[in-house]
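Scroll down for the structure; my scribbles are underneath it.
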Amino acid sequence: GEDVEQSLFLSVREGDSSVINCTYTDSSSTYLYWYKQEPGAGLQLLTYIFSNMDMKQDQRLTVLLNKKDKHLSLRIADTQTGDSAIYFCAERTGNQGGKLIFGQGTELSVKP
Amino acid sequence: DAGVIQSPRHEVTEMGQEVTLRCKPISGHNSLFWYRQTMMRGLELLIYFNNNVPIDDSGMPEDRFSAKMPNASFSTLKIQPSEPRDSAVYFCASSLLGGGTYEQYFGPGTRLTVT
């Protein structure tokens, strides 16, 4: 079955880089996503990567995908206090229609 | 675009009452998802629809929960009767199936408190 795992907490200093990790089990994943949830809000799509890519960069965000190890990471450069939030990774497998499998979320705390 | 719209944003009700949560997906999207989020259980998929047809309702907790999608622009999630353990934030999300990247767009959620 499908499963997506993330560590629950990460704490960094403002200005440092943050790396949030995610592992998944389904090798037929086609797309993988990163979402951000701020307190009291819904999940906001940050970025996604297609499974035939190994890296995608978007401003301060870098997504790395190691398909062999089924490992996904999100790097946030120059982390700011406004980046404090819960970050979810999610996968779409090939046989699930539009359904996404979400991890349990990583709470990022950025200290000044 | 206004994004996914949910109403009400907050609902406080007493145990045993019927609760109806509403969702308007993004115009043109053909898939709609209902999620529940709690501290204990995280984000859970309750049910999803493709082209207004329920595809997978295996996440619906029990018969007290029901969901409908009478047309492409409206869906409801009903809890009858409500119980305190139903207290959670309920999210609706929509996506475009067949659109290529399948990303889901979430509404702001309805915070439900059952006393």
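A few remarks follow.
- Extending 7 Å from the Cα toward the beta-carbon at both A:ASN66 and B:THR113 defines two label points whose distance is 4.5 nm.
- Globularity index of the protein assembly as shown, i.e. its alpha-carbon radius of gyration over 2.2 N^0.38 Å: 1.02
- Summing +1 for each Lys or Arg and -1 for each Asp or Glu among the other residues whose beta-carbon sits under 13 angstrom from that of A:GLN37 gives -2.
- The interface between chain B and chain A buries about 1500 Å² of solvent-accessible area in total (1.4 Å probe, ligands and nucleic acids excluded).
- Calculated FRET efficiency for the pair B:ARG22/A:ASP16, C-beta based, R₀ 41 Å, to 0.05: 0.45
- Full extension of the chain between B:SER66 and B:SER87 gives 6.0 nm of extra length, using 0.36 nm per residue less the Cα-Cα distance.
- Of the listed residues B:HIS29, B:HIS10, the order by accessible area with a 1.4 Å probe, largest first, is B:HIS10, B:HIS29.
- Exceedance of the 22 Å cut-off in Cα-Cα distance is limited, within the set A:LYS99/B:LYS68; A:LYS99/B:LYS24; A:LYS36/A:LYS68; A:LYS36/A:LYS56, to A:LYS36/A:LYS68.
- Counting only protein chain heavy atoms and rolling a 1.4 Å probe, the accessible areas of A:ILE49, A:ILE86 rank, largest first, as A:ILE86, A:ILE49.
- Between the C-alpha center of the range B:52-115 and that of the range A:47-112 there is a gap of 24 Å.
- Values of log10 I(q)/I(0), in the order q = 0.13, 0.15, 0.17 Å⁻¹, for chain A under a Debye, Cα-only, solvent-free model: -0.45, -0.59, -0.76
- Carbon and sulfur %, accessible surface of the protein assembly as shown computed with the full protein complex present, 1.4 Å: 49
- For chain B, the longest site-free run once GluC sites (Glu not before Pro) in DSSP loop states with at most 11 other Cβ atoms within 10 Å are removed: B:63-115
- Probe 1.4 Å, accessible area per residue of the range B:1-91, Å²: 53
- Solution diffusion estimate, µm²/s, Stokes-Einstein, the range B:1-83, Kirkwood Rh from C-alpha pairs, 4 °C, viscosity 1.567 mPa s: 96
The values are calculated or read from the model by the stated rules, or taken from the named source; none is laboratory data. Note that the structure is a prediction, hence the values are computed from the model and not measured. Cβ: placed from backbone, ideal geometry, glycine included. Neighbour counts: every protein chain shown. In case anyone asks, the SASA skips ligands and DNA or RNA and just uses the protein heavy atoms, side chains included. Shrake-Rupley method; radii C 1.70, N 1.55, O 1.52, S 1.80 Å.
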